[in-house]
Structure formats: structure tokens, C-alpha cells
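One structure is given here, and the rest of the page talks about it.
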Amino acid sequence: MVKSNKKGFTLDIAFICLICMLPLMWLIWRGYNGDLGVNPIETIVRQLGVWGLRLLIVGLAITPVVRIFKQPRLIRWRRPIGLFAFAYILLHLTSYIGIDQYFDWSAIWKDIVKRPYITFGMVGFVLLIPLAVTSFNGAIKAIGGRVWRNLHKLIYLIVPLGVLHYFLLAKADKTMPLIYGAILIVLLGWRLLEAAKRRK
Amino acid sequence: KGKLAFKPGPFSTSEKKTEYDAVTGYNNFYEFGTDKLDPAKYAASLNTRPWTVKLGGLCGKPQTLAIETLLKNALEERIYRLRCVEGWSMVIPWVGFPLANLIKLAEPTSKAKYVAFQTAEKPKEMRGLRSNVLDWPYVEGLRMDEALNPLAFLAVGLYGDLLPNQNGAPIRLVVPWKYGFKSIKSITDITFTERQPPTSWQRYGANEYGFYSNVNPNVDHPRWSQATERRIGEFRRRDTLMFNGYGDQVAGMYRNMDLKKFF
């Protein structure tokens, strides 16, 4: 059985990390077998991005699950999920720069300033960096719990930017970005309702 | 392979042909789904026999031709570059005949300024029609001089064999100086009109997809750049060429036009 009150790297956290690594492992396995499809670079960039976004959304779902199902220990899952989301998004960005654009910095810069979907994606990524680097106990102590909590509220801006990024790049079939958007609205809406209840 | 009898045609590129499996496994054919793997998975459900192409509108000899008759045309192979509006490209050996041959058969009147094309609309055989991502049936159009340009081609085959369904069987348009979506697939109707006909992608978003949709590295799609492309099978992007490299054959048709306005 998992000891829920234990701090640090427990079995359930190890399990979460393993799950979070599966999409990357699967992608590497497909690459190793030459099974990334006709346009492998597109497959890599898209898969990394979509898994980054999925993990961000799963991360946002943790708090509602904790409250609704009264499972306080699950809150510890949020950190590894968030960090893995950051890792996928970092890989998504580096694969875009490295293998999609092949370090064509002028084309990349033009993309960032001219293409709203890239602009939103980049802003979201930049905002994610302070969250990732303060995801350690030491950092929380250093900046104080209150500052830390306020800083991490940036996620309520970052995930919508991610969904917008996905929505704007979809050529015509917006089904998937709309599904992600709907889930996001539920998750953020729940927080607004909770905040309203507390104020009463 | 090699079921069709054909001779080599003009305008073929000597560039390396894209692998057959890529040409037939990575397609945009929304009648079978919006994922590029969907057409290869689901297009087998399309029944391409019997099949007729109806020539009508402003012409002296409106007629309906069976696919068997169309296949009796003298066939030739044209190895063309294809540039998708999404930023990837292929080199494809098509087998077919010039579109002009069919147009001349119908004897369009002097009033006919445009040619409208329509794809089959068979909901039972095309699962993509359940989605309203585009208005069905898929329609496209060309100006008469574009349609009569020697480059404009009707393909009935690919790599020496009959067209696979996912590539637009039994007969499709190929206009290699325009983005791929102009090359309408599985054609049932060709109509001569006086006014510019609507096109499916223009209906979807007129600010994103124009009637002309000539390949042009200097006019970006509003959401992405068109300056470069990834040739399927290659690692690095390559520069996109004006009119997809067919400027010698087609630039004259657009001499006095502002291509930023008429994109």
C-alpha cells in the first residue's frame, strides 16, 4: 500500500512519473522503428505539443478532484504532472526550432511576431518557465508560500494560451481544440464557483 | 502496377519522385475524414464504377461521359510537383490527359469564362460527409485560360496504375502551379459558367483561401508562412518557388494582376 502521508518520492509519485513518460517512450519507439508516418517531423512536433497540453489540463484537474472526492494526498501528483507538461512543451519548442525550422532564426522570429498561434504558444511557454523553476521545496521556502501561490496562478493564463495556440493552428477541423477548450472551461469555471462560494 | 498504357508527356520534372506509399498514404480528402491518414483507411468504400462525368453549362455539346470512355483517351505521364497549402510538397507521376482535350469536346460558348468542377457527393460511401467541416459537395473552379493551359491535367492514374480512391479515383484535376486543394478529386461535373464559380475553401474562409490560390512564397496564408515547404521524404525545408516552379508556363496569365489581392 502507498503511504499517503509520506513526503518525497513515494510509490504513487513514481507511478505518475512512469505514466507521464509513456507518450515520450512511445514516440521514441515509433521513431526507432521508422513508424512516425509520412511526415515524421510534423508527427514529433505535434505529438510533443499535444501531450504537453494534455498534461497541463490534467494538472488543472487535480485540485477539483482533490476537493470533490476528498482525496488530499492526490495534490502531490500535481507537481510531477506539471513538470512533465513543461518537459513536453520544452521538447515541443526545441523540436520546432531544431528539426522543423532547422535553426532558421529569422524565420522563427518572423513566426513569433507575425503568427498569432506561435505568439500565443511562445508567451505561454515563457510564462511557464518561472513556474517550472520554482517547483522545488527550496524555491517555495525562498520566495514564500504566498508569493509562490500567486505566481502559480499564472497557470490559469498559460493553459488557455495553449488551447488557443492549438485552436489557431488547426486548419479547418477544430473538433479537438474545442474539446480541450470545453474541458478547460469546466475546470476554470469550477474554480470561479468555488471562489464565489467562499466569498459569501 | 503498370496496368495503364501511356507515353511520357511534356512538363515532367526529373526530381526524385515521392514514394508511392507516401503519395497514397498521406492525403487531404475531407470526404473521408480530416486526418491525412483517413483517406487511405476509408476511401475504399467509394464505388467508382459505374462513374460518369457530366459536361454542361455554357457549351455547344453538353454530354455525359462514362469513365470507360474517358480512359480510352491517349494517356500520358506527367511528373509534377504538388505543393499543399499546409506547407508540404511531393513529386507525383500522374497518368491522364490534358484538361483542354475534354473542354474542347464540349465546345464551350464565347460566354463561358470559367470552368466549375464538382466532386461526387455520396454520403453512404463517404463517411466524411457526416461532418460539416466543409459544405458538400466539394466544388472548385478555374478561369477558362487556366483550364485551357497545357499544364492543366486530368489524372486517371498514378505511378502507371489506376488512381487509388484516396487520390481521387476515378478522375481528378491536377493544376500543379496552384495549392493542392485546387486539384479537385473524384469529379462528377464540369460546368462552363460566365461568372466566377464558388470554391469550397473560399466558402470556408475567403480571407484564407482565394479563388486563384496560386503557389506564391510572397503571399503568406494569414496563419502561417508560405515561404518554405517540406518535401515529403526530406529533412530540411526548401524554398517554395513562385507558381511552384511553373512560372514559364503560367506567369503570363496573371501579368496585370495584383497577386496579393487576387491570392
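The values are calculated or read from the model by the stated rules, or taken from the named source; none is laboratory data. As the structure is a computational prediction, the values presented were derived from the model and not from experiment. Quick reminder, even Gly has a Cβ in these numbers, built from the backbone with ideal geometry, and neighbours come from all protein chains shown. Keep in mind that these areas ignore ligands, DNA and RNA; they rest on the heavy atoms of the full protein, side chains included. Shrake-Rupley method; radii C 1.70, N 1.55, O 1.52, S 1.80 Å.
Cα centroids of region B:167-201 and region B:241-263: 19 Å apart.
Put simply, the amide H of B:LEU158, placed in the peptide plane, has neighbours under 5 Å in B:VAL95, B:LEU163, leaving out anything fewer than 5 places away on its chain. Near the amide H of B:TRP88, within less than 5 Å, lie the amide hydrogens of B:ARG230, all on another chain or at least 5 residues away, with H placed in the peptide plane.
Using a probe radius of 1.4 angstrom, the carbon and sulfur fraction of the accessible surface of region A:11-199 is 73%. Relative to the Cα centre, the charge distribution of the protein assembly as shown, modelled as +1 at Lys and Arg Cβ and -1 at Asp and Glu Cβ, gives a dipole magnitude of about 2400 debye. Positive end of the dipole of the protein assembly as shown (Cβ unit charges, origin at the Cα centre): among A:ALA196, B:LEU162, B:LEU55, the Cα lying farthest that way belongs to A:ALA196.
Looking at region A:125-179, which chymotrypsin sites (Phe, Trp or Tyr not before Pro) are in a loop (DSSP not H, G, I, E or B) and have at most 14 other Cβ atoms within 10 Å?
A:PHE136
Here each label is just a point 7 Å from Cα along the line to Cβ, and for A:ILE140 and A:LEU22 those points are 2.7 nm apart.
With the convex hull drawn around the C-alpha atoms of chain B, the volume per residue stands at 123 Å³. Histogrammed with a bin width of 10 Å, the alpha carbon distances of the protein assembly as shown distribute as 4, 18, 26, 21, 14, 10, 6, 2, 0 percent, first bin at zero.
Return the equivalent ellipsoid semi-axes of region B:47-192 as a descending list in whole Å, where each equals the square root of 5 times an eigenvalue of the C-alpha gyration tensor.
The equivalent ellipsoid of region B:47-192 has semi-axes of 21, 19, 17 Å.
The residues of region B:7-254 have, on average, 39 Å² of accessible surface per residue, using a 1.4 Å probe with all protein chains present.
Here region B:217-261 is scanned for amide nitrogen atoms under 15 Å from the site 7 Å beyond the Cα of A:ARG46 along Cα-to-Cβ, giving B:230, B:232-233. In a simple Cβ point-charge model (Lys, Arg +1; Asp, Glu -1; nothing else charged), region A:11-199 has a dipole of about 1140 debye relative to its Cα centre.
Inter-chain neighbour count for B:232-245: the average number of beta-carbon atoms from partner chains within 10 Å of each residue's beta-carbon is 2. With θ taken as phi - 60° and the Karplus curve 6.51 cos²θ - 1.76 cosθ + 1.60 applied, the whole-hertz 3J(HN,Hα) list for region B:152-163 is 5, 9, 9, 9, 10, x, 8, 6, x, 10, 4, 4 Hz, x standing for glycine and proline. Remark: region B:110-263 carries a charge dipole of roughly 280 debye about the Cα centre, counting +1 on each Lys and Arg Cβ and -1 on each Asp and Glu Cβ.
Using the Karplus relation 6.51 cos²θ - 1.76 cosθ + 1.60 with θ = phi - 60°, the per-residue 3J(HN,Hα) values for region B:28-41 come to 9, 8, 4, 4, 10, x, 8, 7, 6, 8, 4, x, 4, 6 Hz, with x marking Gly and Pro. Calculate the length of the line joining the C-alpha centroid of region B:41-79 to that of region A:140-187, in whole Å. Using only Cα atoms, the two centres lie 50 Å from each other.
Counting only aspartates and glutamates at least 8 places from B:LYS104 when in the same chain, those with an alpha carbon closer than 20 Å to its own are B:GLU68, B:GLU76, B:GLU140, B:ASP145, B:GLU146, B:ASP189, B:GLU194. Excluding ligands, DNA and RNA and using a 1.4 Å probe, chains B and A jointly bury around 1900 Å² of accessible surface, summed across both partners. In region A:57-108, taking the dipole from charged Cβ atoms about the Cα centre, the farthest positive-side position among A:PHE84, A:ALA61, A:GLN71 is held by A:GLN71.
Shielding value for A:103-116 is 2, the average number of Cβ atoms from other chains within 10 Å of each residue's Cβ.
When all C-alpha to C-alpha distances in region A:11-199 are sorted into bins of 10 Å, what percent of pairs does each bin hold, rounded to whole numbers? Pairs per bin, as whole percents: 8, 32, 37, 18, 5, 0. With a Förster radius of 51 Å applied to the C-beta separation of B:ARG236 and A:LYS200, the computed FRET efficiency comes to 0.25. Grab the beta carbon distance between B:GLN63 and B:GLN196, set R0 = 30 Å, and tell me the FRET efficiency rounded to 0.05. With R0 = 30 Å, the Cβ-Cβ based efficiency is 0.80.
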